[in-house]
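Remarks on the structure that follows.
The values are calculated or read from the model by the stated rules, or taken from the named source; none is laboratory data. As the structure is a computational prediction, the values presented were derived from the model and not from experiment. Cβ coordinates were reconstructed from backbone atoms using ideal geometry, including for glycine residues, and neighbour counts include every protein chain displayed.
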Amino acid sequence: MTGALLAFLFIVTALLLSLRWALHAPRKSSAGKFDLASLEESGRRHATYFALIKQAASREDMEFLARRGSRAIARRAVKERRHVALKYLTQLRDDFQRLLRLARAVAALSPAVGSRQELQQLWLSLVFTWRYQVIRVGFYYGLLPIPQLNSLSHMVSQLAVQMETSMKELGERAAMAVKMASTLDGNGLDAT
Amino acid sequence: MATLPPFILLLWAISIVVQLTVLFLLVGKRHFHSLPLFSIYIVLNLCQAAFLYFVYSQFGYNSDVARQMFWISEAITLAAQTLAATEVLHRVLRAYSGIWGLAWRLIAAAVFIVVCYALASAGRTPEWRLMIADRGYHLTFAVALISCLLLVRFYSIPVDPVYKTILGGFCVFSCSSVVANTLLQALFLRRYPRSADVWNYLEMLVFIGVQISWAVALRQPVRAEAKPTLLPPSTYERLSPQVNARLRALNDLLSKLWRLEVLRP
């Protein structure tokens, strides 16, 4: 019976912590305004900086430094390289979160929402968060070697162009849909 | 009533005063227009207290009749609690019909899972079935409500502080009932002589705390929120798969780093 009591205490604690998190709305979203237009930012997507990251992390540069420069410079370069890789990871996460915000805003403002789409999104964000944290810890503590990024280059440059255009397009479409809905609403028509 | 400990009687009196205050605020601040089922729930709680007072004074606190009457009245107030919480949740989500539809599916899934568990555990120990059913109800209630609140947070839907306090209070009370029921069973099986009193103290103290928080929250009016303009249904159908495809592409990119495929020449 003590086992059952402990199990229920654990469940209740987890529920109360979830409740606390659920009721504690972040300051930013507490206004509940869904500004779809703000999601369509004019800036480049971070994935597009891949070529620069690649250049900064090229093996030739590192070998050259190790050959010609001092050990201190080489160490510093490795440190910087790690720093760049970590920053790049953070920016990838920002791209991901921006897309998620767009998806959530569209879902919240839609009269009907598909469970499968939403579950898929939740699953993708859980997988992304888990991988992101593990890779980040791996890079930070030097447990994972900083990738040379060469074979990634082609794939990412393709993705970068896609992301750049599609994010903009998605944001524009969403913002346009809001405008259209507002106009119809203003004319006394049921937009939904 | 002589068998009821004086401290329980005191808590009972405090609870009635606080509930009357909540009712007064519901009427005085005109909350009952927007929350009729919640107002009925408060009235039913007061009626239950009066009814049980009558039953305990006629048949004694520890009699079988009193126990039966308690469970009958409890079933009614629990049904009212479900309706009241659903009403508040509906008021939060009524402008967001898509998310409300999603919340319903989530509630149904949570209810199905927890009710299956409660039925299975009540079948194992028939002598405790009412207590286990009660615990099962509170667990279902808390899981379903917290799932919906997580959904509300996930989609950044604004919730008025009054509604937040009411929903939070319901959850806290249900969670405490789960613990109190399990504690009662554990203490009783260990032959602790005052197990029923411990159960009563715990339930009543939390109930009073929740009622006080409701009274404090209900002093404020509910802010009128501007109704958001919904998008045409086709927007979601078109955009959502595309966004998911982009999310998957970013995930794939991370996956390459994860597998360290990049290190291969």
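Check B:Cys175, B:Cys171 and return the single one that is within 16 Å of B:Tyr41 (Cβ to Cβ), under 10 Å from the mean Cα position of the chain (by Cα), facing chain A (nearest Cβ under 7 Å) and without any contact (Cβ under 8 Å) to a residue 40 or more places away in the chain.
B:Cys171
Taking B:Val172, is it of a type outside the set (Gly, Ala, Ser) and under 17 Å from A:Ala4 (Cβ atoms)?
No.
Can A:Gln133 be described as in a helix (DSSP H, G or I), at pLDDT 80 or above and surrounded by fewer than 20 Cβ atoms within 10 Å (Cβ to Cβ)?
yes
Does at least one position in the range B:86-99 carry a residue that is buried (at least 20 other Cβ atoms within 10 Å of the Cβ), facing chain A (nearest Cβ under 9 Å) and assigned to a helix (DSSP H, G or I)?
Yes.
Looking at the range B:150-170, is at least one residue at pLDDT 90 or above, farther than 30 Å from B:Lys227 by Cα and crowded, with 23+ Cβ neighbours inside 10 Å?
No, that holds for no residue.
Restricted to the range B:208-254, and to residues that are without any contact (Cβ under 8 Å) to a residue 40 or more places away in the chain and outside any helix (DSSP H, G or I), which residue is farthest from the other protein chains (Cβ to nearest Cβ)?
B:Ala224
Only one of these is buried (at least 18 other Cβ atoms within 10 Å of the Cβ) and more than 25 Å from B:His138 (Cα to Cα): B:Leu35, B:Leu25, B:Leu4. Name it.
After applying the criteria, what remains is B:Leu25.
Look at B:Ile146 and say whether it is in contact with a Cys (Cβ under 8 Å, 6 or more places away or on another chain), assigned to a helix (DSSP H, G or I) and facing another protein chain (nearest Cβ under 10 Å).
Against the criterion (in contact with a Cys (Cβ under 8 Å, 6 or more places away or on another chain), assigned to a helix (DSSP H, G or I) and facing another protein chain (nearest Cβ under 10 Å)), B:Ile146 qualifies.
Modelled with pLDDT under 70 and facing chain B (nearest Cβ under 7 Å): which single residue out of A:Ser42, A:Ser115, A:Ser30 fits that description?
Step by step, each of A:Ser42, A:Ser115, A:Ser30 is checked, and only A:Ser30 is modelled with pLDDT under 70 and facing chain B (nearest Cβ under 7 Å).
Would you mention how many residues in the range B:100-130 are surrounded by 13 or more Cβ atoms within 10 Å (Cβ to Cβ), away from every other protein chain (no Cβ under 12 Å) and farther than 30 Å from A:Ala103 by Cα?
So the answer is 6.
Quick check, is A:Val106 touching a residue at least 60 places away in the same chain (Cβ under 8 Å), facing another protein chain (nearest Cβ under 9 Å), touching a Ser or Thr at 6+ places or on another chain (Cβ under 9 Å) and part of a helix (DSSP H, G or I)?
Taking the combined requirement at face value, the residue satisfies it.
Identify, from the list B:Ala79, B:Ala144, the residue that is among the hydrophobic types (A, V, I, L, M, F, W, C), closer than 24 Å to B:Trp214 by Cα and either crowded, with 20+ Cβ neighbours inside 10 Å or touching a strand residue (DSSP E or B) at 6+ places or on another chain (Cβ under 7 Å) (or both).
None of the other options fit; the residue is B:Ala144.
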